[in-house]
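Take a look at the structure below.
The values are calculated or read from the model by the stated rules, or taken from the named source; none is laboratory data. Here the structure is a predicted model, which is why all the values come from computation and not from measurement. Virtual Cβ from ideal backbone geometry, glycine too; neighbours counted across all protein chains shown. Heavy atoms of the whole protein, side chains included, go into the accessibility calculation; ligands, DNA and RNA do not. Shrake-Rupley method; radii C 1.70, N 1.55, O 1.52, S 1.80 Å.
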Amino acid sequence: MAKKFKLVSGNGSEGNQYVSVTEDGKVKLSQSLDYEAFSNPSFSIRVSCSDERGLIVEKNFTINVVDVDE
């Protein structure tokens, strides 16, 4: 059964602007993230998954931004 993923707004979606989600569920950065620019180096995204029967599940995920030597 095919599943489709997408970002959705709602509780926990404040970090959605930093990523994109492909229909097959791969999360990709939509921009470079600078650790020093974040007051809190983690953010959450909200993803919806639907199937051919119309069943839908939404879940929040936390993404941690880590500092690397530049």
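Just a few scattered comments:
- Residue count for the stretch 14-47 satisfying the condition of being closer than 25 Å to K3 by Cβ, open to solvent by less than 70 Å² (accessible area, probe 1.4 Å) and either modelled with pLDDT under 90 or hydrophobic (A, V, I, L, M, F, W, C) (or both): 5.
- Which numbered condition A2 fails, given (1) in contact with a Cys (Cβ under 6 Å, 6 or more places away or on another chain); (2) hydrophobic (A, V, I, L, M, F, W, C); (3) open to solvent by less than 70 Å² (accessible area, probe 1.4 Å): (1)
- Residue in the stretch 44-66 that is out of contact with any strand residue (DSSP E or B) (no Cβ under 9 Å at 6 or more places or on another chain) and of a type in the set (G, A, S) present: yes
- For the stretch 22-70, a residue qualifies if it is outside any strand (DSSP E or B) and among the basic types (K, R), and the qualifying residues are K26, R53.
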